[in-house]
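The values are calculated or read from the model by the stated rules, or taken from the named source; none is laboratory data. Because the structure is predicted, anything quoted here is derived from the model rather than measured. Neighbour counts run over all protein chains shown; Cβ positions are idealised from the backbone, glycine included. Each accessible area value is taken on the protein alone, full model and side chains, heavy atoms only, with ligands, DNA and RNA left out. Shrake-Rupley method; radii C 1.70, N 1.55, O 1.52, S 1.80 Å.
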Amino acid sequence: MIDVIVLGGGIVGASAALVLAQKGQRVALVERDFCGSQSSGVNYGGVRRQGRPLHQLPLSQRAHQLWADLPGLIGIEGEYVRSGHLKLARSPGDFSALQAYADQTRGFGLGLQLLDRSELRKRFPWVGDVALGASLCPDDGHANPRLVSPAFARAAQRHGAAVYEQAEVIRIEHDSRLFQVHCANGLHLQAPWLLNCAGAWAGKVAAQLGEPVPIISAHPAMLVTEPLPGVMTVSTGVEGGGIYARQVARGN
Ligand SMILES: Cc1cc2nc3c(=O)[nH]c(=O)nc-3n(C[C@H](O)[C@H](O)[C@H](O)COP(=O)(O)OP(=O)(O)OC[C@H]3O[C@@H](n4cnc5c(N)ncnc54)[C@H](O)[C@@H]3O)c2cc1C
């Protein structure tokens, strides 16, 4: 007997499976490819609070506490580092926006530090002249999503979840009591609860159940360089968006 079927083994599905299993639910996690092989394994890997909208910050703070003990949660370090997150201002307007954000978020404990041009140069001499100031969140950082995301699924498994990989869900029915979930490999599961954690494909899954959700997917906008001499010590973005970058210990 299964209590919950989790459809999709990305960070969303795998972490849901982990927490449900920890709480004693009987969980089946079903993944078409390999857990963490889609968006959850190939993104930038930023783990930050700075810049998030105010309504997300209580949840972000809770996540920040959980990340502090990643080995305790999923059994690996995941190359998680609290390197700091630096947001650059390229105009006085950008700097005012960073100041306003620091004021608005003061009660959330992000510990933001506003750096003027000379302070920025002193602490981060590699930053180009175009930056005239910045905001630093010293305890934000980054991790290796390729390691972290599959580790959530393995942790769920250790807590008793059944993990089915290379099992594409092709048909879902609800018989007024249970969800009946059929996979391309012949696997058939049934449970009173189904979590749709199919990421960019979640709209298709929802449509099968008569609840279409408009989702569009965008193509990768990230690149990884060859290893370069160590330069960047913090995960870095710019106010207003446009580009962000980080450098890992290997130099990429
Ligand atoms: C450590 C970390 C850092 C991150 N940092 C950033 C960042 O800096 N910037 C940023 O923009 N985002 C970041 N992200 C977020 C990331 O880009 C994605 O938005 C997020 O991981 C999506 O998770 P997901 O589980 O919803 O989707 P996915 O990882 O895509 O997982 C969905 C899964 O569902 C499976 N699936 C789909 N259809 C079916 C089916 N029919 N049957 C079975 N399985 C199916 C897919 O194969 C896939 O594995 C980060 C994520 C992590 C883990």
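Observations on the model:
- Residue-normalised accessible area of segment 185-252, expressed per residue, 1.4 Å probe, Å²: 70
- Per-residue extension of 0.36 nm, minus the Cα-Cα distance of residue 103 and residue 216, leaves a gain of 37.2 nm for this segment.
- Residue separation of residue 90 and residue 22 scaled by 0.36 nm, minus their Cα-Cα distance, works out to 19.9 nm of gained length.
- Helix 92-104 and the longest principal axis of the Cα set of the chain meet at an angle near 60°.
- The lysines within cross-link reach of residue 87, meaning a Cα-to-Cα straight distance under 18 Å and a gap of 8 or more places when in the same chain, are 122.
- With protein chains left intact and a 1.4 Å probe, residues in segment 1-67 average 47 Å² of accessible area per residue.
- Across segment 132-220, the convex hull enclosing all Cα atoms gives 195 Å³ per residue.
- Per-atom-type breakdown for segment 1-112 gives carbon and sulfur 56% of the accessible area (1.4 Å probe, protein chains only).
- Using the Karplus relation 6.51 cos²θ - 1.76 cosθ + 1.60 with θ = phi - 60°, the per-residue 3J(HN,Hα) values for segment 57-74 come to 5, x, 5, 4, 5, 5, 4, 4, 5, 5, 4, 4, 10, 5, x, x, 8, 10 Hz, with x marking Gly and Pro.
- Cα long-axis angle, helix 145-158 against the chain (0 to 90 degrees, to the nearest 10): 40
- In this rough spin-label picture, where each label sits 7 Å from Cα along the Cβ direction, the residue 225-residue 165 distance is 3.2 nm.
- Measuring nothing but protein heavy atoms, the accessible surface of segment 193-252 at 1.4 Å probe radius is 65 percent carbon and sulfur.
- Stokes-Einstein diffusion coefficient of the chain, Kirkwood radius over Cα pairs, 25 °C, 0.890 mPa s, in µm²/s: 122
- Overall form of segment 67-142 per C-alpha gyration tensor (a/c, 1.5; a/b vs b/c): oblate
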